[in-house]
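Here the structure comes first, spelled out in C-alpha cells, and everything after it is commentary.
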C-alpha cells in the first residue's frame, strides 16, 4: 500500500495568483472513485530556495482556517505545499456515502483512506524534490498530524516534523473521542467491532509496534494497526519532532496525544489551554511562532 510506484506521476501546474500555484496530479493509489483520485495541492510560495514544507490539513469544512498556516509560513520564507486530502472538499464522490466523509467505514476501508493520503504526501515530496528543494519538512494538524506521522516514519526525505493537536492509539480514540462517534454507530449496526473485541486485538499492539522493520512485514498485522500513528511512532527521531497538545481536547483525548508523544520518544511539546477547535482560534499565532523557532534551530 505505502510502497506504490510513483515514477509515472505527472504534475500540472497553474498559477492561481502571484504567490499561489495549483498543482494537479492523479493519485498513484486508486480508490475506485475517479473524483477522489484527482489530487490538487496549493503551493504558497516563499523566498527560501532550498527549504519547503508539506502542510497536511485536518478534517472539517472550514478550508480557510487551515490555509492560514501555509500563508503565514510562506510569508516567513517557507515554500509551503498544502495537499487537499482524499475524501475532503472536491475529492469526494457523491454516489457513495463512504466517500463523503474520511472518518467513515470499517478498519479495512479506513486503512485504504489513510494509505492513499500517505502515498499522496509522498507524491507531494516528489514534486518538491523535482523543484530543487533540498530540505523538506512536514506540519500536520489533527487528522493531518496522524497522516504526517506515518509519512515521516516511512519517508526519510522528510526532515523536521510538526504535529499539532493530534495523537495515536486508536483503541482509545475509537471509543472515547467525539470525532469517532460515527465509527461507534457503524460498529454497533454491523457488529464488526466493540470495545472488548478491539481490546483483544490490541493485546499484540505494543510488541508488534516494536518489532516490525519494513513495509513487507506490515501485511501480517491487523488492518487497524497499519494506519495507527502510534504503530509508526518509534521510527521518528524525537529530536526532529515538536508537538502541540490541547489540554481539553474532545476530539484527540490527552491519553491519545500522550501515547504518540511517548512512543516517539518524548519530543519537545507545548501545551495549549484549549479544546481541539479553540486551539486554532486562540493559539494559531503561538503555534506558528514556536514552529518557526523550531525550524530555525537548524
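Each value in this text was obtained by applying a stated rule to the coordinates, not by laboratory testing. No experiment lies behind these values; they were computed from the predicted model shown. Neighbour counts are summed over all protein chains in view; Cβ atoms, including those assigned to glycine, are modelled from backbone coordinates with ideal geometry.
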With Cα extents along the principal axes in Å in mind, check (i) 54, 41, 36; (ii) 56, 46, 33; (iii) 57, 51, 42 and report the label derived from this structure.
(i)
Tell me the relative contact order for segment 12-296 as a rounded percent, counting alpha carbon contacts under 8 Å between residues six or more apart.
16 percent
Potential lengthening between residue 268 and residue 220 on full extension [0.36 nm per residue; Cα-Cα distance subtracted]
14.0 nm
Could you state the number of Å between the C-alpha centres of segment 277-298 and segment 135-179?
16 Å
What nm distance separates the two modelled labels at residue 90 and residue 18, each placed 7 Å from Cα along Cα→Cβ?
2.4 nm
What percent antiparallel are the DSSP beta bridges of the chain, to the nearest 5?
40 percent
If you take every DSSP beta bridge whose two residues both sit in segment 1-99, what share of them, in percent to the nearest 5, is antiparallel?
75 percent
In whole angstrom, how far apart do the alpha carbon centroids of segment 24-54 and segment 104-131 sit?
10 Å
Within a Gaussian network of the chain (alpha carbon springs, distance under 10 Å), most fluctuating of 160, 12, 266:
12
Using label points projected 7 Å from each Cα along Cα→Cβ, tell me how many nm separate residue 194 and residue 286, to one decimal.
4.2 nm
Testing the spin-label approximation: label points 7 Å from Cα along Cα→Cβ at residue 71 and residue 47. State their distance in nm.
2.0 nm
Highest mean first, what order results for 78-91, 272-285, 135-148 on Cβ atoms within 10 Å?
135-148, 78-91, 272-285
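For the pair residue 157 and residue 234, what calculated FRET efficiency results from E = 1/(1 + (r/R0)^6), where r is the Cβ-Cβ distance and R0 = 25 Å, to the nearest 0.05?
For R0 = 25 Å, the calculated efficiency reads 0.85.
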Ranking of 235, 156 by count of other Cβ atoms within 10 Å, fewest first:
156, 235
